[in-house]
Amino acid sequence: MRKKVSLITGAAGEIGQALIQELAENEKKNILTLDLQPMNGRSQTNITHIEGSITDKSLLDRLVSEYEIEAIYHLAALLSTRAEYSPATAHTVNVEGTLHLLELAAQQSEWRGSPVQFIFPSSKAIYGMPDLATKAAHPRVREWEWNYPTTMYGCNKLYAEMLGNYYSRHYKQLAEKSPVMIDFRALRFPGLISAHTVPSGGTSDYGPEMLHAAAKGEPYACFVRPDTTIAFMAMPDAISALLNLARAPQTGLTRTVYNVTSFSLSAEDFRQQVLKSFPEARITFEPHAKRQQIVDSWPMDIDDGAARKDWGWAPEFGLERCFAEYLVPNIRKRYQ
Ligand code: SER
């Protein structure tokens, strides 16, 4: 009999590491992890790691023949800064990789005769504000507004959301009877901040980088202007958002894609928060024109009213608690 598992792609990344902890250790699920990197330091019996790529079709075919995959948390992606250096590779990973996994989910659901849940983290990068005046005039955007991404990553995420919607609602719509049931659910995250891992390849990374540098006693030159404002969220809230959306009864969901957020602040306010706990921190501003342009195209805040109403979303860590109770104590421990 095939072993029933939840598949996590991009498992060695920032979200993946936090999610595994919750799913494997606290929920005691059988987990199949897939990543280009090895998963260091994890040896639980309910986690099987496969080192490989989501672009490797034959590898995915092998997984389908060996496991019964009941849920997919598809986290693997090239983030926004990295994707600008190799847009074609980003497209291959972020779009074609997602398509492969949706196909895998379709096959699994047909074989099982029951739905496969597909949980997908999208991003505020799918928004594109044309200029700073428009960004200021529309500070909190709804899901359907300003869907004009300016980065390869943003384009990829927006299209992947649409593919998910297609596979879950309209797949092979002209066939007599479509046997496929994919329960696709996506979240648009703001910039995520973890106390335990440092991000790489993103453009909202200046926030977490500032904080980790301060905790290590290293100077940091922030690559955006002090007034640059976007939304952020603590990693534990991102994990509960993913899990709570996954658990929500389908009948209450009015969308396939939901904004979720926690707090919004400028780079200078971020610096002030860091200084409260690390008064010696040496943080300066040296804006990088091109990365600045990307962050300027992202909205100041995103409206998560639909997630709050449909499945009871509410972040646990607002700005003050995020720094005082989650980030600062854990980061201090990490670099002690
Ligand atoms: N935080 C990611 C980045 O900056 C976007 O979701 O690329």
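None of the figures in this text is laboratory data; all of them are computed from the coordinates on show. The structure displayed is predicted, hence computed values, not measured ones. All Cβ positions, even for glycine, are placed from backbone atoms using ideal geometry, and neighbour counts span all protein chains on display.
The angle between the Cα long axis of helix 267-277 and the longest principal axis of the Cα atoms of the chain comes to about 80 degrees, rounded to the nearest 10. Taking every DSSP helix (H) stretch of at least 4 residues in the chain, weighting each as -39,500 (n - 2.57) and dividing the sum by the residue count yields a mean residue ellipticity at 222 nm of -11000 deg cm²/dmol. In the structure shown, the pairs Lys57/Lys157; Lys4/Lys57; Lys29/Lys124; Lys3/Lys28; Lys157/Lys290; Lys124/Lys290 are assessed against 23 Å; a Cα-Cα span above that value is assigned to Lys29/Lys124. Decide, for the range 269-336, between rounded, prolate and oblate: order the square roots of the alpha carbon gyration tensor eigenvalues as a ≥ b ≥ c, take rounded if a/c falls under 1.5, and otherwise choose prolate if a/b is larger than b/c, else oblate. Oblate, since a/c reaches 1.5 and b/c is not below a/b.
You can think of it this way: the chain between Met1 and Asn244 has 84.5 nm of extra reach, that is 0.36 nm per residue less the Cα-Cα gap. Considering only alpha-carbon pairs that sit under 8 angstrom and 6 or more positions apart, the relative contact order computed for the range 116-225 is 31 percent. Rounded to 0.05, the FRET efficiency of the Glu176 and Arg112 pair, given R0 = 22 Å and the Cβ-Cβ distance, is 0.60. With the Kirkwood sum run over all distinct C-alpha pairs, the range 213-336 has a hydrodynamic radius of 16.2 Å. Counting only residues at least eight positions apart within a chain, or on another chain, there are no lysines with an alpha carbon under 16 Å from that of Lys309.
Projected label points at Thr251 and Tyr85, each 7 Å from Cα along the beta carbon direction, are separated by 5.1 nanometres. Rounded to the nearest whole Hz, the Karplus-based 3J(HN,Hα) values (6.51 cos²θ - 1.76 cosθ + 1.60, θ = phi - 60°) of the range 114-120 follow the sequence 8, x, 10, 7, 10, 9, 10, with x at glycine and proline. When the alpha carbon gyration tensor of the chain is reduced to an equivalent ellipsoid, the three semi-axes, largest first, read 33, 23, 18 Å. Computed 3J(HN,Hα) for the range 303-320, one whole-Hz value per residue from the Karplus formula 6.51 cos²θ - 1.76 cosθ + 1.60 where θ = phi - 60°, is 8, 9, x, 5, 5, 5, 6, 6, 9, x, 4, 7, x, 7, 9, x, 3, 5, glycine and proline marked x. Ranked for footprinting exposure by Cβ neighbours inside 10 Å, fewest first, Leu19, Leu187 give Leu187, Leu19. In a fully extended conformation the segment linking Ser65 and Asp227 would gain 53.1 nm over its present Cα-Cα distance, using 0.36 nm per residue. Between the Cα long axis of helix 235-247 and the first principal axis of the chain there is an angle of about 30°, rounded to the nearest 10. Semi-axes of the equivalent ellipsoid of the range 1-155 are 31, 17, 16 Å, computed as sqrt(5λ) over the eigenvalues of the C-alpha gyration tensor in descending order. Choose one of Gly318, Ala71, Ser168: the residue whose Cα lies farthest towards the positive end of the charge dipole of the chain (beta-carbon charges +1 Lys, Arg; -1 Asp, Glu; about the Cα centre). It is Ala71, whose Cα lies furthest towards the positive end. How large is log10 I(q)/I(0) at q = 0.24 Å⁻¹ when the Debye formula is applied to the Cα atoms of the range 1-78, each weighted equally and without solvent? Here the Debye-derived log intensity ratios amount to -1.20. For the chain, the relative contact order is 18 percent, taking Cα pairs closer than 8 Å that sit 6 or more residues apart in sequence and dividing their mean separation by the residue count.
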